[in-house]
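S.K.: Here it is, the structure in full.
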Amino acid sequence: MISLDERLAALPAMSPPQLRALWRDVWRKPAPDIGHDLLRRGIAWKLQSRLHGDLPVHIRREINSVLTRLRRGDAIVSDRPSLRPGSRLVREWQGRTYQVVVLEAGFEYANRHYRSLTQIARVITGTHQSGLAFFGLKLRKAPFKLAAE
């Protein structure tokens, strides 16, 4: 069996028709009408993702969000703070310290999984309030917008 490194090393020597045929094998659909350099990159990405895994859920979600904003002509950069998985949010409230761990898909507080910080803020305070505000996270100022063409 050919190793991933060998398959990747063979890509630059392949002709456009060979790349299109390989694209069909790897992606299981016809190659798009793009240049041979992008075909190589797409094939290489797909081969690597099969071995090492696809994009994490939070990255795919963010990409889809950006694409939706681009289609609407909205700001590309989210005004929401970027929270990396593994980060800890700490809040002291009514004399007690609360810690939340950011996960790839949601948050963990008190050994339980939550979809949002707002859910956690409600559990802690007993009232509905913004989870971002409760944990002292601020929205970004005026994100850049693409100029209309």
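The values are calculated or read from the model by the stated rules, or taken from the named source; none is laboratory data. This is a predicted model, so every value here is computed, not measured. FYI the Cβ positions are ideal-geometry reconstructions off the backbone, even for glycines, and counts take in every protein chain you see.
S.K.: Can you tell me which residue is farthest from Ala105 (Cα to Cα) among those in the stretch 117-135 that are touching a Lys or Arg at 6+ places or on another chain (Cβ under 7 Å) and touching a residue at least 12 places away in the same chain (Cβ under 8 Å)? It would help to see each step written out before you state the result.
M.R.: Of all residues in the stretch 117-135, those touching a Lys or Arg at 6+ places or on another chain (Cβ under 7 Å) come to 128, 134-135.
Now narrow it down to the ones that are touching a residue at least 12 places away in the same chain (Cβ under 8 Å): 134-135.
Working: Phe134: 20, Phe135: 18 Å.
Checked the stretch 117-135; the qualifying residue farthest from Ala105 (Cα to Cα) is Phe134.
S.K.: Now a separate question. Of the residues that make up the stretch 53-69, is at least one aliphatic (A, V, I, L, M), more than 30 Å from Ser3 (Cβ to Cβ) and either modelled with pLDDT under 90 or out of contact with any Pro (no Cβ under 6 Å at 6 or more places or on another chain) (or both)? Steps first, answer last, please.
M.R.: Kept after step one, since they are aliphatic (A, V, I, L, M), are these residues of the stretch 53-69: 55, 57, 59, 63, 66-67.
Retained after the next criterion (residues that are more than 30 Å from Ser3 (Cβ to Cβ)): 66-67.
From what's left, either modelled with pLDDT under 90 or out of contact with any Pro (no Cβ under 6 Å at 6 or more places or on another chain) (or both): 66-67.
There is at least one residue in the stretch 53-69 that is aliphatic (A, V, I, L, M), more than 30 Å from Ser3 (Cβ to Cβ) and either modelled with pLDDT under 90 or out of contact with any Pro (no Cβ under 6 Å at 6 or more places or on another chain) (or both).
S.K.: If we scan the stretch 70-93, do we find a residue that is in a helix (DSSP H, G or I), among the hydroxyl-bearing types (Ser, Thr, Tyr), modelled with pLDDT under 90 and surrounded by 12 or more Cβ atoms within 10 Å (Cβ to Cβ)?
M.R.: First, pick out the residues of the stretch 70-93 that are in a helix (DSSP H, G or I): 70-72.
In the following step, the residues that additionally are among the hydroxyl-bearing types (Ser, Thr, Tyr) were identified as none.
No.
S.K.: Of the residues Arg60, Arg24, which is assigned to a helix (DSSP H, G or I) and farther than 30 Å from Phe107 by Cα? Spell out the reasoning first.
M.R.: Numbers: Arg60 fails: farther than 30 Å from Phe107 by Cα.
Unique residue meeting the criteria: Arg24.
S.K.: Here's another thing I want to ask about it. Among residues belonging to the stretch 35-57 that are among the aliphatic types (A, V, I, L, M) and surrounded by 13 or more Cβ atoms within 10 Å (Cβ to Cβ), point out the one that is farthest from Ala105 (Cα to Cα). Show your work before the answer.
M.R.: Just the residues of the stretch 35-57 that are among the aliphatic types (A, V, I, L, M), to begin with: 38-39, 43-44, 47, 51, 55, 57.
Then drop every residue that is not surrounded by 13 or more Cβ atoms within 10 Å (Cβ to Cβ), which leaves 39, 43-44, 47.
Values: Leu39: 31, Ile43: 28, Ala44: 27, Leu47: 25 Å.
This residue is Leu39.
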